[in-house]
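For reference, the structure discussed in these notes is given below.
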Amino acid sequence: MPEIKKFPKGFLWGAATSAYQVEGGIENNDWARDPLIAKAGPACDHYHRYVDDFLIAKGLNHNAHRLSLEWSRIEPEKGRWNEQELRHYHHVLSFLKENGFVTFVTLHHFTNPLWFAKEGGWLNKNSTKYFEAFTSKIAQSLGHLIDFWITINEPNVYADMCYRAGIWPPHKRSLLKTYRVYRNMLEAHNRVYEIIHKYYPKTQAGFAQNIAFNEVDGWPNFSMWDVYAVRFIDWMTIGFTYQRTKNDFVGLNHYFHKVFSLSKSKVVNREGKAINRTDKGWEIYPLAIYKVLLKLKKLDLPIYITENGIADSQDLKRADYIHDYLEQVYFAIRHGVDVKGYLYWSLLDNYEWPVKSGDTGYGYKFGLVEVDFNSKALTRRVRESAKVYARICKENGL
Ligand code: BGC
């Protein structure tokens, strides 16, 4: 009998979503009004079907769930609060709590209310002030239902995609702006960290950072620039960022392995092996999560994996992906890294942030649960891989 790889007692198991990607009917944010990008539209209509969706998650033995609040619903105009939407999220979070879920709530997951975007978004010095007001409102109205606060999702990816690459709204391409936005977001995180703790001194707050495993290619396929590039990126995403922020935990979103080869980050065909990829073309390389977790150990904070997952429309690779990444998480725990939870991305097939023109947003299937976007009923179907993950959650081990 192979040994069962047991996770620590109390380990949290679940999945994650974000409002704009699943809820449907969000019209008042910068993504919904962006002329260059396909809209989420009705998405999964999770706004109306959260009960069914959470019951599916419960049936799959999840004991934790991560979701985000849509700021543009709650504060549709500067300083005006929509009490009905607050009541909606009150129902959503109460339902999760009543059904035994530990809640991870993201305050900002890539989308901004239109009024905030029009005032210059995260480049505006007042952005931190606006985010503070929003957070205070959430703390007062929903704070008692929130176990883990994720202030901002991936400030590094947000700043990069929106202000350096120019792919996401507001489509800017400036290194200076990228840096300013990143700095403002970290500052906003610090300020709302204080607000959250003012209301709930013992609660847990952090942010989710997208951290890849970066390495240089083998000799002689690299230059000193590759070495510097890897050091710089790791320093920006980990060293610089965590030195400047207050955190009760590290939220790790992990998807990538990047090999820097003669100054280009690319996936090289190591040892002649064919590279196994997701539908997104991202390399499947489970060791990467182990390497990242070991790098994070020095921060001396509990770690929650707030996202990790695969786009796999045929569901051929997902079960192995989850198993193999979790096995590496297990090894990291054995090597002293304090990992306390794993949230698969995503519970549902959903709107996936477009990265090229013509992308509808619905081509990539990350879900444990398939959603039939061609049917009016948006029918849900639990994938086989979800059942494999359900056994892992139940056993608390592999
Ligand atoms: C984001 C998710 C996204 C996932 C897959 C993460 O960086 O937080 O919203 O769907 O990547 O692309």
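Taken together, the values in this text are just the output of simple stated rules run on the coordinates, not laboratory data. Because the structure is a prediction, the values reported are computed rather than measured. Using ideal geometry, Cβ is built from the backbone for each residue, glycine included, and neighbour counts are taken over all protein chains shown.
Quick notes
- Cβ charges +1 (Lys, Arg) and -1 (Asp, Glu), total dipole of the range 91-249, debye: 720
- By the helix-only formula, in which each DSSP H run with n ≥ 4 contributes -39500 (n - 2.57) and the sum is divided by residues, the chain has a 222 nm mean residue ellipticity of -10500 deg cm²/dmol.
- Length gained on full extension, LYS6 to TRP282, computed as 0.36 nm times the residue gap minus the Cα-Cα distance: 96.5 nm.
- Selected from TRP353, TRP225, TRP81 as most flexible by GNM, with the chain as the system and alpha-carbon contacts under 10 Å: TRP225
- For the range 101-148, the list of trypsin sites (Lys or Arg not before Pro) that fall in a loop by DSSP and count at most 11 other C-beta atoms within 10 angstrom reads LYS125.
- In this structure the amide hydrogen of ASP30, modeled in the peptide plane, comes within under 5 Å of the amide hydrogens of ASN112, LEU114, none closer than 5 places in sequence on its chain.
- Dipole moment magnitude, nearest 20 debye, the range 173-258 about Cα centre, only Lys, Arg, Asp, Glu C-beta charged: 500
- The fewest-to-most ranking of PHE366, PHE249 by surrounding Cβ atoms within 10 Å reads PHE249, PHE366.
- Considering only LEU93, ASN112, PHE7, and ranking their Cα positions along the charge dipole of the range 1-116 that arises from unit charges at the beta-carbon of Lys, Arg, Asp and Glu, the one farthest toward the positive end is PHE7.
- A straight line joining the Cα centroids of the range 1-53 and the range 105-132 runs 21 Å.
- Overall form of the range 165-235 per C-alpha gyration tensor (a/c, 1.5; a/b vs b/c): oblate
- Per-residue Cβ neighbour counts within 10 Å put THR278, THR178 in the sequence THR278, THR178, beginning with the fewest.
- Distance from the range 297-317 to the range 365-398 (C-alpha centre basis), Å: 16
- Global geometry of the chain, whether rounded, prolate or oblate, following the gyration tensor of its Cα atoms and the 1.5 cut on a/c: rounded
- Selected from LYS376, LYS356, LYS198 as most flexible by GNM, with the chain as the system and alpha-carbon contacts under 10 Å: LYS376
- Percent breakdown of C-alpha pair distances by 5 Å bin, ordered from the shortest bin, for the range 29-77: 5, 15, 19, 22, 17, 12, 8, 3, 0
- In this structure, the amide hydrogen of TYR344, modeled 1.01 Å from its nitrogen in the peptide plane, lies closer than 5 angstrom to those of GLY14, ALA15, ALA16, counting only residues at least 5 positions away or on a different chain.
- Within the chain, percent of DSSP bridges classed antiparallel, to nearest 5: 20
- Among the listed pairs LYS9/LYS280; LYS340/LYS365; LYS6/LYS280; LYS58/LYS291, those with a Cα-Cα distance over 28 Å are LYS9/LYS280; LYS6/LYS280; LYS58/LYS291.
- Most positive-pole-ward Cα, GLY361, GLN204, ILE322, against dipole of the chain from beta carbon charges: GLN204
- A convex hull fitted to the Cα coordinates of the range 274-333 yields 90 cubic angstrom per residue.
- For LYS9, LYS172, order by how many other beta-carbon atoms lie within 10 Å, fewest first: LYS9, LYS172
- Above-threshold pairs, the threshold being 18 Å between Cα atoms, out of LYS172/LYS356; LYS97/LYS198; LYS258/LYS298; LYS78/LYS118: LYS97/LYS198; LYS258/LYS298
- The chain: DSSP helices with Cα axial extent of at least 18 Å and average Kyte-Doolittle hydropathy no lower than -0.5: 127-142, 318-334
- The stretch between SER357 and LYS125 holds 80.4 nm of extra length on full extension. This uses 0.36 nm per residue minus the Cα-Cα distance.
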